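Enquirer: Let me give you the structure first, and then I'll get to my questions.
The values are calculated or read from the model by the stated rules, or taken from the named source; none is laboratory data. Everything numeric in this text was worked out from a predicted model, so none of it was measured. Every residue, glycine as well, gets a Cβ built from its backbone with ideal geometry; the counts of neighbours run over all protein chains shown. Remember, those area values only see protein heavy atoms, side chains included, never the ligands or the DNA or RNA. Shrake-Rupley method; radii C 1.70, N 1.55, O 1.52, S 1.80 Å.
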Amino acid sequence: MAAPCAPTDVLVVGGGPAGLGLAAELAAHGLSVRLVAPHPPRPFPATYGAWLDELPSWAHACLANVWTDVRAYTGERPTPLLRPYARLDNARLLDTLLGRAGGGLAWTVGTVQGAVRVGEGWEVRGQGGETWRASLVVDAGGHTGSLTRPQQRGGAALQTAFGLVAHFDVPPAPPGGMVWMDYRSPAAGPATSPTFLYAMHLGGTRYLVEETSLVARPGLSRAVLERRLLARLRAQGTPPCEVEAEEWVAFPMNAAAPCPGPVLAFGAAAGLVHPVSGFQVAGALGDAPGVAQAVAAALDSSGPEVAVRAGWAALWPPERRAAREVALLGVDALLTLPPAQLPAFFDAFFGLPAAEWHAFLAPRTGAGTLARTMLRLFAHAPNPVRASLVRAALAHGGTSGRALLAAVRE
């Protein structure tokens, strides 16, 4: 068995943007931080997009692309979203986060198997027999968690997507622009499980194109989405001519706000995937400073147990838990909506005043604002969409009642 390493203040499990983002902020507060991941530092493999105005200002130096022509197609005519959208440069993001951490971060290659309390701290055990000690442990191991387990009401409802980065002789999406959602192609599959195109012009003849299932239980498979994407591209006369890379995405959209525990969770492991958009990275980068400040202050003054409670309180205050309840009603509505009505739902959604749909997709909007937006959406939606909203509300009467109270009070 390997000899124990020197103890640290915090051990973070997971080397994705959320885990490294929090580790960097903790280190910037003067704490010693060990990050344990199965690989050495390397650019994050997934494509991360975000609304530009939701990224912290320092992250603007880590952008690969910014589009001002951002549109959705819920019918034949485009809906201009009039909100800049960005793609992160993952290599620059990694280097920037490592730089923000400075000398306070030790990146350790390993796979965490478990953790036990030892006195006031923790002993974390690795798959290879390693032992690491820390005062406080953070699980940032993604949507499955490593030491914690996010819970999904009724089972996981998944967003899945298959994508290509490729060169095209004929542009598959508007040159210079970004398509957030395109439901137009009949080649995308039957009305029982419609999917949409998410597309980015990366410059020159290069595009990222992804066939996406917004949310489904069970989720659509990689094989189905790959067939649909290639069929869509053929149908619109834009087959790829040189494929550089493939991408597969699958994650739950309906994680509940977790109960605080002795291990602090963060990012997707803490249930922070947005339940309508699927976004998480911009929210995690925005959450990290407040969580780190709360943990550092409590660890210095009161010890590990108080520090982990302070971290949970900063990440999931009561008002955010209430908002999550309301947002999950939206997931239930989408799951009960007749699939052919999804374009109509988003047509009504993007027909709301921009400030309202912006707030609905933001990571920290309050329950009252979310509930009022849902009521306005109900008022403007066609009857089949309204029926699904009603069914979701009636299935969770307590949550619906609390949402209506919040809509009045806030």
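Enquirer: Please give me, ordered by residue number, the chymotrypsin sites (Phe, Trp or Tyr not before Pro) of the stretch 216-302 that lie in loop per DSSP and have at most 11 other Cβ atoms within 10 Å. Don't skip to the answer; put the middle values down first.
Expert: On the way: sites: W248, F266, F279; in loops: F266, F279.
Taking the stretch 216-302 and a limit of 11 other Cβ atoms within 10 Å, no loop chymotrypsin sites (Phe, Trp or Tyr not before Pro) are found.
Enquirer: What FRET efficiency comes out for the pair Q127/R391, r = Cβ-Cβ distance, R0 = 35 Å, nearest 0.05? Mind dumping the intermediate values first?
Expert: Details: r = 45 Å, r/R0 = 1.30.
Approximately 0.15, to the nearest 0.05.
Enquirer: I've got another one for you. Between W58 and V243, what is 0.36 nm times their sequence separation minus the Cα-Cα distance? Round to one decimal in nm.
Expert: Length gained, W58 through V243: 63.4 nm.
Enquirer: On a 0 to 90 degree scale, rounded to 10, what angle separates helix 281-301 from the longest Cα axis of the chain?
Expert: 20
Enquirer: Say each of E319 and A46 gets a label point 7 Å from the Cα, pointing the same way as Cα to Cβ; how far apart are those two points in nm?
Expert: With each label placed 7 Å out from Cα toward Cβ, I get 2.8 nm.
Enquirer: Just to be sure I understand the model, the point goes 7 Å from the Cα along the line to the Cβ. What's the resulting R222 to A297 distance in nm?
Expert: 4.5
Enquirer: Taking loop as defined by DSSP and a crowding limit of 10 other beta carbons within 10 Å, which GluC sites (Glu not before Pro) in the stretch 112-141 fit? Walk me through the intermediate numbers first.
Expert: On the way: sites: E120, E123, E130; in loops: E120, E130.
Of the GluC sites (Glu not before Pro), the ones in loops of the stretch 112-141 whose Cβ has at most 10 other Cβ atoms within 10 Å are E120.
Enquirer: Okay, moving on. Sort S302, S193, S213 by accessible area with a 1.4 Å probe, largest first. If you can, show how the numbers build up before the last one.
Expert: Values: S302 70, S193 30, S213 5 Å².
Result, largest first: S302, S193, S213.
Enquirer: Please give the helix 222-235 orientation as an angle from the longest Cα principal axis of the chain, in degrees from 0 to 90, rounded to the nearest 10.
Expert: Between the helix axis and the principal axis of the chain, the angle is about 40 degrees.
Enquirer: Taking Cα centroids, how far is the stretch 275-322 from the stretch 16-94 in Å?
Expert: Value for the Cα centre distance between the two parts: 19 Å.
Enquirer: To the nearest 10 degrees, how steep is helix 318-336 against the longest Cα principal axis of the chain, on a 0 to 90 scale?
Expert: 40
Enquirer: With springs only between Cα atoms under 10 Å, which of V249, V209, V12 fluctuates most in a Gaussian network model of the chain?
Expert: V249
Enquirer: Still on this structure: Given a Förster radius of 45 Å and the C-beta distance between Q236 and A355 as r, what FRET efficiency does 1/(1 + (r/R0)^6) yield to the nearest 0.05?
Expert: Values: r = 33 Å, r/R0 = 0.74.
That gives a FRET efficiency of 0.85.
Enquirer: Only bridges with both residues in the chain count here: give the DSSP antiparallel percent, nearest 5.
Expert: Working: 50 of 70 bridges.
If I count the DSSP bridges inside the chain, around 70 percent turn out antiparallel.
Enquirer: When the helix-only estimate is applied to the chain (DSSP H runs of n ≥ 4, each -39,500 (n - 2.57), divided by the residue count), what is the mean residue ellipticity at 222 nm, nearest 500 deg cm²/dmol?
Expert: Working: 11 runs with 147 residues, N = 410.
Per the formula, -11500 deg cm²/dmol.
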